[in-house]
Amino acid sequence: MHGSDEIASRLGAVRDEIAAAEAAFDRPSGAVTLVAVSKTKPQSDVLAAYAAGQRVFGENRVQEGLQKFDPLRASLPDLVLHLIGPLQTNKVADAVRTFEVIETVDRLKLAESLAQAWRQPGVRLKSCFIQVNTGAEPQKAGILPHEADDFIATCRDRLGLPVVGLMCIPPVEDEPALHFAFLKAMALRHGLRALSMGMSGDYRLAIQQGATHVRIGSAIFGDRVRAEADPAA
Ligand SMILES: *Cc1c(COP(=O)(O)O)cnc(C)c1O
C-alpha cells in the first residue's frame, strides 16, 4: 500500500476500535477524542491523516511541533495540536503560540510561567491538563501523586490556568488499569472532566476506565525510528 493509503486505513481501524470500545463500555458515542501522535513523522504523514479526516494531533517537542504545524495553519485552520511531552520554562512562549492544548503541566515554576504567558496576545493555548506521575517513577515527568491535589488546586484557583483534566503515562511494567483508575478517581475528586490516558497498546483499556483522550502514534503512523527520543518508549 502507498504510505498515505496505509495511514488512512490504519486510522480507520483505530477509529473503529475506539467506537467499539465506547459501545462496549457504555461510553457515549464520540466521548473519546483521538489525538494522533505524529512525533518524528513528516508533515506528509500529518497531511495524509488530515485528508482522512483527522484534526487533532499530538507532538512531544515544542520545536518539532512548531516547525511541522505552523506552516500548515493558514491552509488548515481547524487543526488542533496537543503538546504531550515535557515542557521547559524557556520554551513556554513558543509553546503557548504553537499548541491549543498543553497536556504536561507538572510543576509550579512551569505553571506560573504558563499563567503569565497564556494571557498575552496571539496565544493559541486554550486548555491544559495536569500530568500526574502515577507510578512515582524518578525518571518520568509529572507531578507526584501525593502532591497532585494541592498542585491541581494551585493551577486552577490561584494561577487561573484553564485546567480541564489529567494526563498519565503508566509505568511500562505495571498493569495500566490501576493507573487509569487512580487518575480517574483524582479527576472526579477535582471535578475535572477530561482524562488523557491510553496509547497504541492500551487504549481500549483506557476507554473502559474513562479516558476522554487517547494518544495514539504507532498504530496510525507505524513504528518510530528515533526511539531514544521517546519518553513513552
Ligand atoms: C509517543 C507518545 C504516545 C504515543 O505512543 P504510541 O505507543 O506510539 O501510540 C503517547 N503519549 C505520549 C506522551 C507519547 O510520548
Over region 178-230, the set of residues more than 13 Å from the ligand (Cβ to nearest atom), touching a Pro at 6+ places or on another chain (Cβ under 9 Å), without any contact (Cβ under 8 Å) to a residue 40 or more places away in the chain and part of a helix (DSSP H, G or I) is Leu178, Phe180, Leu205
Taking the conditions exactly as written (in a helix (DSSP H, G or I), touching a strand residue (DSSP E or B) at 6+ places or on another chain (Cβ under 8 Å) and either open to solvent by less than 10 Å² (accessible area, probe 1.4 Å) or more than 22 Å from Gly201 (Cα to Cα) (or both)), does Lys68 satisfy them or not? yes
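Give the residue that is surrounded by the fewest Cβ atoms within 10 Å (Cβ to Cβ), with candidates limited to residues of region 44-65 that are in a helix (DSSP H, G or I) and of a type in the set (A, V, I, L, M).
Ala51
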Here the qualifying pairs (Cβ atoms under 6 Å; residues six or more apart or on different chains; first in region 95-114 and in contact (Cβ under 8 Å) with a residue 24 or more places away in the chain and within 15 Å of Val163 (Cβ to Cβ); second buried (at least 24 other Cβ atoms within 10 Å of the Cβ) and of a type in the set (S, T, N, Q)) come out as Glu103/Ser196; Thr104/Gln131; Asp106/Gln131
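Condition test on Arg10, is it open to solvent by 50 Å² or more (accessible area, probe 1.4 Å) and under 27 Å from Val96 (Cβ atoms)?
no
Condition check ((1) out of contact with any Gly (no Cβ under 7 Å at 6 or more places or on another chain); (2) of a type outside the set (D, E, K, R); (3) under 24 Å from Arg61 (Cβ atoms)) across all residues:
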residue	(1), (2), (3)
Glu100	yes, no, yes
Val105	yes, yes, yes
Gly135	yes, yes, yes
Asp149	yes, no, no
Glu175	yes, no, no
Ile207	no, yes, no
Gly210	yes, yes, no
(Q) I'd like to check something: does region 42-55 contain any residue that is polar (S, T, N, Q), touching a residue at least 40 places away in the same chain (Cβ under 8 Å) and within 16 Å of the ligand (Cβ to nearest atom)? (A) yes
Within region 20-36, of all residues that are touching a Ser or Thr at 6+ places or on another chain (Cβ under 8 Å) and open to solvent by less than 50 Å² (accessible area, probe 1.4 Å), the one farthest from Ile84 (Cα to Cα) is Glu22
The residue from Val80, Val56, Val46 that alone is over 18 Å from Ser218 (Cα atoms) and of a type in the set (A, V, I, L, M) is Val80
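The values are calculated or read from the model by the stated rules, or taken from the named source; none is laboratory data. Quick caveat, the model's predicted, so the values are computed rather than measured. Don't worry about glycine lacking a Cβ; one is built from the backbone with ideal geometry, like all the others, and counts go over all protein chains shown. Side chains are part of the model used for accessible areas, which takes the heavy atoms of the whole protein and leaves out ligands, DNA and RNA. Shrake-Rupley method; radii C 1.70, N 1.55, O 1.52, S 1.80 Å.
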